[in-house]
1. Might you tell me the accessible area per residue for region 1-130, computed with a 1.4 Å probe and given in Å²?
2. If we count every other residue with Cβ under 12 angstrom of R157's Cβ, Lys/Arg +1 and Asp/Glu -1, where does the sum land?
3. Note down the magnitude of the dipole of the chain about its Cα centre, charges +1 on Lys and Arg C-beta and -1 on Asp and Glu C-beta and zero elsewhere, to the nearest 20 debye.
4. How many percent of the alpha carbon pairs in region 128-227 exceed a separation of 24 Å?
5. So, taking all protein chains as they sit and a 1.4 Å probe, how much accessible area belongs to D41, in Å² rounded to tens?
6. Using heavy-atom solvent-accessible surface (probe 1.4 Å) with all chains present, what is the largest-first order of W144, W23, W91?
7. Test of the criteria: in region 90-167, which GluC sites (Glu not before Pro) are in a DSSP loop and have at most 15 other Cβ atoms within 10 angstrom of their Cβ?
8. Show me 9-15, 168-174 ranked by packing, highest mean number of other Cβ atoms within 10 Å first.
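The values are calculated or read from the model by the stated rules, or taken from the named source; none is laboratory data. Please read all numbers here as calculations on a predicted model, not as lab measurements. As a convention, Cβ positions derive from the backbone with ideal geometry for all residues, glycine included, and neighbour counts pool all protein chains shown. In case anyone asks, the SASA skips ligands and DNA or RNA and just uses the protein heavy atoms, side chains included. Shrake-Rupley method; radii C 1.70, N 1.55, O 1.52, S 1.80 Å.
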Amino acid sequence: GIIRDGNQLHMFVTYKDNAEPPWGGKGVIRHYVAPVDNPVDGWKLSGVPDFAQPDPIDATLSRVGDEFHAYYRVGKGGGIQWASSPDMKSWKNHGMCPGDINRESRGYGYQEAPYVFFFKDYWWMLTDPHKGLAVFRSEDAITWTLQERILEEPGTRPQDNTLARHPSVAVMDDRAFLFYHVEPNRPYPTPPAEERTVRQKLSFLQVAELRVENGKLVCDRNADNVK
């Protein structure tokens, strides 16, 4: 996730130091900084945040009041966890996110790629449970309530005919745009990564607009209104 703080951009990146099949070794989050006027070539390593966890991946970053929150997935059953910091340098790990995010009653097991954003008076977290995108809502960016999944049904646009994966959101004025990738040739249930063909691994980036209706986050991936 990338956020702006003054004249700098901050990006938290998943890094792995080997390519052990299927997904490499343990994850590490690295913190990179770039000037606002050079968001392509200006990135420099700032440090490695200490989240007090052995295998964090898929970090998202938000400013909440006068502090920063990081949310990330932890391997081996660690679920979706979070940490807070006053300066993006020293971090306090708070463990699993409270509320519905890590409860078994949410209706699925594994999930990854949390993304947190503020829109229409609420904080929202999207995750990828490999069953569309899971949606959670919060008033304080700490305790989360489960809502209905979105983009679970295939879309009709070119190369958008399967489950949405790994979300990101850009909020612009009073509109929010969801970016996600799809693998249109990937079968579900999915064979192990090492057994899938190159064609089955091809990915396409898509965008659709998010709306809030009666307090719920909704998205029509087939609407032609992303302008």
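1. 51
2. -2
3. Using Cβ point charges on Lys, Arg, Asp and Glu, the chain gives about 380 debye.
4. 26
5. 120
6. W23, W91, W144
7. Loop-located and lightly packed - E139, E148, E152.
8. By packing density, highest mean first, the sequence is 9-15, 168-174.
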